[in-house]
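**Student:** Before I ask anything, let me first share the structure, which is written out below as structure tokens.
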Amino acid sequence: MISGNLRKIQKLTNPISIDMPEGTYAAYKKDFQSGRITVGNVCSADCFFCSQKWNPAGVIKDLKRFLTMEEVKHFTNLYLGRVTLIGGAFHTNSGEFFLHPDAAEILELLAAKNKLPSNTQIFTNGMDLTLEHIKVIKKLKLNLCLSLNTASITAREKIMGSGYGKHKNAVDSIYALDKYDVNYRVWIVPLRKSINNGDLASTIRYLKKSKVKLISLHSPGYTKYTPSVIAKELAITDKELFDFILLMKQKYNVNVDFDRYSLAAKFKNIFQMLYNLSKNGKHLNKKSKLFLCSETAKDILPLVLMKKGFHNYKIKVVKSKVFGGNIDCAGLLLVKDYISAVKEFLRIKQNGKPDVIILPSVSFDINGEDLSMTPVREIEDRCKIKLILA
């Protein structure tokens with residue numbers, strides 16, 4: 001007997017039963033539809049800064065186990081078009097992909113179904129990476145993103161939880177990746193202590209001897225649920241990271257970058273978005289427009305709007321009130337955040353009511369729903385203003 005809040009799915013084309021909470025099933029369905037392969041939220045690490053560790057239950061859907069191989073086949077057969085990312089999720093909490101006992105078989109399955117493009121990126125902490133995995137990655141011409149954080153075993157145990165053998169495996173996996181000439185980059189969450197005590201610099205110096213294509217420092221993110229003592233460790237400004245990266249490049253001549261948030265990348269993305277917008281909306285300039293943007297885009301958007309000849313518009317920066325903390329990228333903004341921003345804008349009388357609201361499509365999946373699976377059309381319904389997703 002299945003309780004009322006569980007969903008039992010049976011298809012003639014794929015006659016197996018999937019028993020999980022309906023909302024969790026919907027979340028996995030959406031991740032597979034968007035090409036994101038996540039196989040459950042079991043992880044071999046216990047990173048003290050991980051948002052999944054501190055988020056209250058229900059903020060993002062949890063399975064609390066791995067998908068079975070039959071369940072992977074179910075979601076793949078029914079919902080997956082082409083893989084865009086492995087080991088990272090949008091609607092579900094994700095764990096360590098290579099901890100799944102059938103990780104290699106899953107990669108072979110996706111490739112056999114012509115759903116796995118070469119150069120697809122896989123995220124891993126490396127703790128459960130085996131020679132078999134590395135050979136499959138090489139054979140399928142995939143890219144690996146190794147979340148190393150530090151090359152020091154002692155520091156890793158403090159940052160990512162105990163387990164000497166697995167941490168050593170993660171660091172040693174670099175030699176195997178080099179030996180089999182796998183295309184990989186290393187991803188590091190820079191911590192205040194790691195910068196101050198020299199550990200981050202030592203890790204970058206250590207990686208200089210490897211064949212790593214790129215060392216990415218990922219801007220630390222924390223939510224309002226993160227304890228303040230941990231938030232302080234993550235409260236590193238963009239300027240501090242840029243200055244540190246410049247120092248590392250000068251000192252060690254390594255390819256290290258600030259992941260995703262470079263000025264050039266932001267400018268290019270927003271310029272392309274506005275090019276598409278102006279190309280597909282010739283009469284848009286005749287309308288009064290409200291651009292909603294994230295904190296990371298606020299300094300770039302006005303420059304690009306001016307360069308592209310847009311006029312008759314206003315800009316409103318949208319704050320992440322649901323997650324809070326230092327969340328400042330559009331991908332984590334929710335419908336509730338956008339509605340709150342529009343209402344704040346309209347409360348100021350001199351602003352007036354715009355004809356259209358333009359907001360970034362990156363906040364929503366291919367079905368037009370945010371992380372909480374709330375449809376974007378709810379903004380239009382609640383605010384009674386036409387929406388354009390850019």
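**Student:** Based on the alpha-carbon gyration tensor of segment 86-204 and its eigenvalue square roots a ≥ b ≥ c, which shape applies: rounded if a/c is under 1.5, prolate if not and a/b is larger than b/c, or oblate?
**Tutor:** prolate
**Student:** So what J values fall out for segment 171-179 if you push phi through Karplus, 6.51 cos²θ - 1.76 cosθ + 1.60 with θ = phi - 60°, rounded to Hz, Gly and Pro as x?
**Tutor:** Ordered by residue, 3J(HN,Hα) equals 5, 5, 4, 4, 5, 5, 5, 5, 4 Hz.
**Student:** Right, something else. Excluding Lys166 itself, what net charge comes from residues whose Cβ is under 14 Å from its Cβ, given Lys and Arg +1 and Asp and Glu -1? Could you put the intermediate results ahead of the total?
**Tutor:** On the way: positive: Arg156, Lys168; negative: Asp46, Glu96, Asp128, Glu157, Asp172.
That sum, taken over residues with Cβ under 14 Å, equals -3.
**Student:** In segment 134-274, with Lys and Arg counted as +1 and Asp and Glu as -1 at Cβ, which of these residues, Leu247, Thr203, Leu214, has the Cα nearest the positive end of the dipole, that is, farthest along it?
**Tutor:** Leu214
**Student:** Another question, if that's okay. Roughly how big is segment 75-140's charge dipole about its Cα centre, with Cβ charges of +1 (Lys, Arg) and -1 (Asp, Glu), in debye to the nearest 20?
**Tutor:** Computed about the Cα centre, the dipole is about 340 debye.
**Student:** Tell me which residues come under 5 Å, amide H to amide H, from His218 once H is placed; ignore anything under 5 positions away on its chain.
**Tutor:** Ile188, Val189, Asp259
**Student:** Could you compute the net charge surrounding Ala104? Neighbours are other residues with a C-beta less than 11 Å from the C-beta of Ala104; K and R count +1, D and E count -1.
**Tutor:** Charge balance near Ala104 sits at -2.
**Student:** Evaluate the charge dipole of segment 137-230 about its Cα centre and quote only its size in Debye, nearest 20, assuming +1 on the Cβ of each Lys and Arg and -1 on the Cβ of each Asp and Glu.
**Tutor:** For this selection, approximately 200 debye.
**Student:** Is there a quick way to get the dipole size of the chain? I mean about its Cα centre, with the Cβ of Lys and Arg at +1 and of Asp and Glu at -1; what is the value in debye to the nearest 20?
**Tutor:** Numbers: 60 positive and 36 negative charges, 299 e Å.
It comes to approximately 1440 debye.
**Student:** What's the exposure ranking of Leu63, Leu389, going from fewest to most Cβ atoms within 10 Å?
**Tutor:** Values: Leu63 22, Leu389 15.
Least crowded to most crowded, the residues run Leu389, Leu63.
**Student:** Let me ask something additional. Over 22 Å between Cα atoms, which of Lys158/Lys179; Lys349/Lys386; Lys224/Lys353; Lys53/Lys316 qualify?
**Tutor:** Lys158/Lys179; Lys224/Lys353; Lys53/Lys316
**Student:** Each residue of segment 366-374 in order: what ³J(HN,Hα) in whole Hz does its phi give by Karplus 6.51 cos²θ - 1.76 cosθ + 1.60, θ = phi - 60°, with x for Gly and Pro?
**Tutor:** 3J(HN,Hα) across segment 366-374, in whole Hz: 5, 9, x, 10, 7, 4, 8, 6, 8.
**Student:** So, by mean Cβ neighbours within 10 angstrom, what's the order for 50-60, 296-306 with the highest one leading?
**Tutor:** The densest-packed peptide leads the list: 296-306, 50-60.
**Student:** Rounded, prolate or oblate: which fits the chain, taking a ≥ b ≥ c as square roots of the Cα gyration tensor eigenvalues, rounded meaning a/c under 1.5, else prolate when a/b beats b/c?
**Tutor:** Since a/c reaches 1.5 but b/c is at least a/b, the shape of the chain is classed as oblate.
**Student:** Let me ask something else. For every helix of n ≥ 4 consecutive DSSP H residues, a contribution of -39,500 (n - 2.57) applies; sum these over the chain, divide by its total residues, and give [θ] at 222 nm rounded to the nearest 500 deg cm²/dmol.
**Tutor:** -11500 deg cm²/dmol
**Student:** May I pose another question? List the cysteines of the chain that have no other Cys Cβ closer than 4.7 Å: which are they?
**Tutor:** Among the cysteines of the chain, those whose Cβ sits 4.7 Å or more from every other are Cys43, Cys145, Cys293, Cys329, Cys383.
**Student:** Mind listing the phi-derived Karplus ³J(HN,Hα) values for segment 314-319, rounded to whole Hz, using 6.51, -1.76 and 1.60 with θ = phi - 60°, and x for any glycine or proline?
**Tutor:** 9, 10, 10, 7, 9, 8
**Student:** Which of rounded, prolate or oblate describes segment 264-389 when judged by the alpha-carbon gyration tensor and an a/c cut-off of 1.5?
**Tutor:** rounded
Only the coordinates and a few stated rules stand behind these numbers; no lab work does. Bear in mind that the values here come from a model prediction, so they are computed numbers and not experimental data. When we count neighbours, we look across all protein chains shown, and the Cβ atoms used for this are built from the backbone with ideal geometry, even at glycine.
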